[in-house]
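The next block holds one structure in the form of structure tokens; read it before the comments.
The values are calculated or read from the model by the stated rules, or taken from the named source; none is laboratory data. For clarity, every value in this text was computed on a predicted model and none was experimentally measured. When we count neighbours, we look across all protein chains shown, and the Cβ atoms used for this are built from the backbone with ideal geometry, even at glycine. Note: accessible area is taken over every heavy atom of the protein model, side chains too, but ligands, DNA and RNA are not part of it. Shrake-Rupley method; radii C 1.70, N 1.55, O 1.52, S 1.80 Å.
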Amino acid sequence: MPVTTFLLVLLLLSFAGFQLGRTTAVSSAGGRLSRLHSVPSYYGLYVAMWVGLPALILFALWTGLEGIVVNNMVRASLPASITSLSAQEINLIMVDIHNLAYGNITSRVPEPALTAAADYYNHLRGIGNGALAVVMLALACAGLFFAKGRIHPKLRARNQVEQVVNVILILCSLVAILTTVGIVLSLLFEAIRFFTKVPPAEFLLGLHWSPQTAIRADQVASDGAFGAVPLFTGTLLIAAIAMAVAVPLGLMSAIYMSEYAPSKVRGTVKPILEILAGIPTVVYGFFAALTMAPFVRDVGQSLGFGVSSESALAAGVVMGIMIIPFVSSLSDDIINAVPQSLRDGSYGLGATKSETIRNVVLPAALPGIVGAVLLAVSRAIGETMIVVMAAGLAANLTGNPLDAVSTVTVQIATLLVGDQEFDSAKTLSAFGLGLVLFTVTLTLNIIALRVVRKYREKYD
Amino acid sequence: MTAHTQTMAGIAVRPQAGTLTGTVPKMDARGVKVYYGAKQALKGIDLEIPERQVTALIGPSGCGKSTFLRCLNRMNDTIDIARIEGLITLDGQDIYDREIDPVQLRARVGMVFQKPNPFPKSIYDNISYGPRIHGLASRREEMDEIVTKSLQRAGLWNEVKDRLKEPGTGLSGGQQQRLCIARAIAVSPEVILMDEPCSALDPIATAHIEELIDELRENYTIVIVTHNMQQAARVSQRTAFFHLGEMVEVGDTEEIFTTPRDERTQGYITGRYG
């Protein structure tokens, strides 16, 4: 039986359990619902839970463990000529057996021993499926009778159902948290592997980045250099240009929207500005590469500067434009959160609108605005597509915005694109960079959120 | 913004001393009507505000007394949908005249709000804010003097003289309100409008503010909106009773509270409604 059939049958059984639980509860109360502890549908849910959940848990465990058990049994049945091979080769053969069993293409001409093993594999799985179906059905029925037997007007069905719902909610949030932990751990372990090949001091302080390592011993250009400082400076340079564009523009438009704009204008302008936030960064990327970069180069050359066609300036400016709605929208909310009473107080003293904004509203909103800017910085540092397309790969150590620079994210992307071997320092360096990037953005986010929260508490 | 009808003729024929005991009114309202969008909040108010006296505006919630107060320093200008008709004068000059800058008007007619609203700045900066934007002090010492004087007049000096650099928001509610009064005094206004200045305060802080109002009467003209009739009786010399956007009755406070002419006034002050 395929998986969907299992689950469908289980669903139908649970539904039947629900109806049964309901009617049993009603009749156990002799038709007087006020005698029941909970509303009848809770008794239904109670029974449905007992029918569905144990069987579902069994199903999950079974499908998780079945593969391992069956694999071990098949492996044990293999002839001695194969079991004497190395572990890696046995793994390859097991893969072939799986492919044979499922009718996929195999990497070698099937030997009789392998075909036999594949048949055996299918046989075992057949037995397993049959057994699963029987056990699940039995468990569901047992649950049904157990729960039905417990139904009694005094049974606290609502409390028990709500407790189970509570556990389910906790499990769902655990999945999200554990995934995050898993991502961080995998990043950490690969980074540690990298740091055993390249010492952290060389990585963090080295001034030359050229991650080309030899795949074969006789290759030219063998020694890689893993000094990430040029990447850090490149990242900071582009982020700084982006913030130089985004903070003034974003802040000014936020002030206009929250203080000066009539509500009609605000109602139109704000959504339009927020469309900017909805443009995919890839689109910004080719705007940067095809429009902005040539424009910067042409203007620069006509002014007599030598501008490379992939300049930090072009990438930074476009990234800044991308971040504007981020800054303006957050700042707008924060400025709006400044109580009207403060503005009234200032107007009441004879202050003009601009004096009120400069001396009262902005200082009051400043912590929140700083928080918004920090969030935008971490966004700028982590941004990838724009810089991949517009900033280039040349890891120059320079502070000149007209030169080509490369960023941490660009290097991570290029290092991991295409076929890679995951034991060379070249590939692993991506994880080292990723760890640095993660640490920096995490720190910025934590600081920013703290600042914003502290500001919020002040007026609540 | 304000469809103001010029009625300069009206002001000329109006007897200056009028019902008052020989004094020229500091502010004078004639036929003031206010609309919020389509809704009429004030239906033609005539009220004289005598100089160096406390005028109390009383009446049930929503009767328009705060709206009227906010007309006196054009705070309603900051509300987009508000529209004002009629004539209001300060020292005989129309405050809704095109020549008058509401910003300068508000420096002459200061305001204290219902909820204490100190700026999130230090106590010193809260007071010096007004004088600084109006350029009242050119040197540091002058500013120090203004701050000291204002705090002294507001009866707050002894409590805060050692912590002028601390944020004004850290003071207690009553102290914050006195800080706001000191802030209003600092720009040397001629009139101070108070919109239920004690409604967010406890009885002791309220008593403090009431004493203060009584002292301020020597130098300033004060208009106070209050829900508390004992307060109106304690601090004011004249009382105006507002009801449903109209001014029902105005007179000496004693008179209003002992022998009200209108039965609505009587109903309100004896607690039958409101």
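Numbers for the structure displayed
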{"item": "Relative contact order for the range A:9-67, counting Cα pairs under 8 Å that sit 6 or more residues apart, in percent", "result": "42 percent"}
{"item": "Accessible area in the full protein assembly, largest first, 1.4 Å probe, for A:H98, B:H227", "result": "B:H227, A:H98"}
{"item": "Amide H contacts of B:S236 (H built 1.01 Å from N, under 5 Å, at least 5 apart or other chain)", "result": "none"}
{"item": "Whole-Hz couplings from phi, Karplus 6.51/-1.76/1.60, listed for the range B:197-212; x for Gly and Pro", "result": "x, 10, 5, 9, 10, 7, x, 5, 4, 4, 4, 4, 5, 5, 4, 4"}
{"item": "For B:I49, distant residues with modelled amide H under 5 Å away", "result": "B:K26, B:M27, B:D28, B:A29"}
{"item": "Which listed pairs, of A:K353/B:K43; A:K353/B:K121; A:K353/B:K115; A:K270/A:K353; A:K264/B:K115, have C-alpha distances above 25 Å, in listed order", "result": "A:K353/B:K43; A:K264/B:K115"}
{"item": "Antiparallel DSSP beta bridges within the protein assembly as shown, as percent of all bridges there, nearest 5", "result": "60 percent"}
{"item": "Dipole magnitude of the range A:225-459 about its Cα centre (Cβ charges: Lys, Arg +1; Asp, Glu -1), debye to nearest 20", "result": "820 debye"}
{"item": "The range A:1-60: trypsin sites (Lys or Arg not before Pro) in DSSP coil with no more than 15 other Cβ atoms inside 10 Å", "result": "A:R32"}
{"item": "Amide proton proximity set for B:A41, modelled H, under 5 Å, gap of 5+", "result": "B:V34, B:Y35, B:Y36"}
{"item": "Distance between modelled label sites at A:K154 and A:E202, nm, 7 Å Cα→Cβ extension", "result": "7.6 nm"}
{"item": "Partner chain coverage, peptide A:362-375 - average Cβ within 10 angstrom", "result": "1"}
{"item": "With at most 12 other Cβ atoms within 10 Å, longest stretch of chain B clear of loop GluC sites (Glu not before Pro) (DSSP)", "result": "B:100-217"}
{"item": "Kirkwood hydrodynamic radius over Cα pairs of the range B:135-208, then Stokes diffusion coefficient at 4 °C and 1.567 mPa s, in µm²/s", "result": "99 µm²/s"}
{"item": "Cα-based radius of gyration of chain A once divided by 2.2 N^0.38 Å, which approximates compact folds", "result": "1.42"}
{"item": "Relative contact order (%) - criterion: Cα under 8 Å, at least six apart; region: chain A", "result": "16 percent"}
{"item": "Neighbour-limited loop hits for chymotrypsin sites (Phe, Trp or Tyr not before Pro), the range A:254-340 (at most 16 other Cβ within 10 Å; DSSP other than H, G, I, E, B)", "result": "A:F305"}
{"item": "Under Karplus coefficients 6.51, -1.76 and 1.60, residue-wise ³J(HN,Hα) of the range B:63-72 in Hz, glycine/proline x", "result": "8, x, 5, 5, 4, 5, 4, 6, 6, 5"}
{"item": "Gained length - A:T398 relative to A:I168, 0.36 nm times residue gap less alpha-carbon distance", "result": "77.5 nm"}
{"item": "Loop sites in the range A:108-171: trypsin sites (Lys or Arg not before Pro), DSSP, at most 11 other Cβ within 10 Å", "result": "A:R108, A:K154"}
{"item": "Formal net charge of residues neighbouring B:D91 (Cβ-Cβ distance under 10 Å; K, R +1; D, E -1)", "result": "-1"}
{"item": "For the range A:1-106, Kirkwood radius (reciprocal of mean inverse C-alpha pair distance, Å)", "result": "17.7 Å"}
{"item": "Estimated FRET transfer efficiency when R0 is 22 angstrom, pair A:T115-A:V69 (beta carbons, to 0.05)", "result": "0.55"}
{"item": "Rounded percent of accessible protein surface that carbon and sulfur make up, the range A:386-460, 1.4 Å probe", "result": "61 percent"}
{"item": "Separation in nanometres of the label points that stand 7 Å from Cα toward Cβ, at A:L61 and A:V181", "result": "2.2 nm"}
{"item": "Average beta carbon contacts from partner chains per residue of B:113-122, 10 Å cutoff", "result": "5"}
{"item": "Alpha-carbon centroids, the range A:1-72 and the range A:308-340: separation in whole Å", "result": "52 Å"}
{"item": "Mean ellipticity per residue at 222 nm, deg cm²/dmol - from DSSP H runs of n ≥ 4 across the protein assembly as shown, formula -39500 (n - 2.57)", "result": "-19500 deg cm²/dmol"}
{"item": "Note, ³J(HN,Hα) from phi for the range A:411-421, Karplus 6.51, -1.76, 1.60, rounded to Hz, x at Gly and Pro", "result": "5, 4, 4, 5, 5, 9, 7, x, 6, 9, 9"}
{"item": "Chain B, relative contact order [Cα under 8 Å, separation at least 6], %", "result": "26 percent"}
{"item": "Cα-projected label distance for A:A277 with B:R140, points at 7 Å along beta-carbon direction, nm", "result": "4.5 nm"}
{"item": "Exposure rule at most 13 other beta-carbon atoms within 10 Å, DSSP loop trypsin sites (Lys or Arg not before Pro): chain B longest free segment", "result": "B:1-97"}
{"item": "Peptide A:339-347 - average C-beta neighbours from other chains (10 Å radius)", "result": "6"}
{"item": "Contour excess over end-to-end distance, with Cα ends at A:F305 and A:N336 and 0.36 nm allotted per residue", "result": "6.8 nm"}
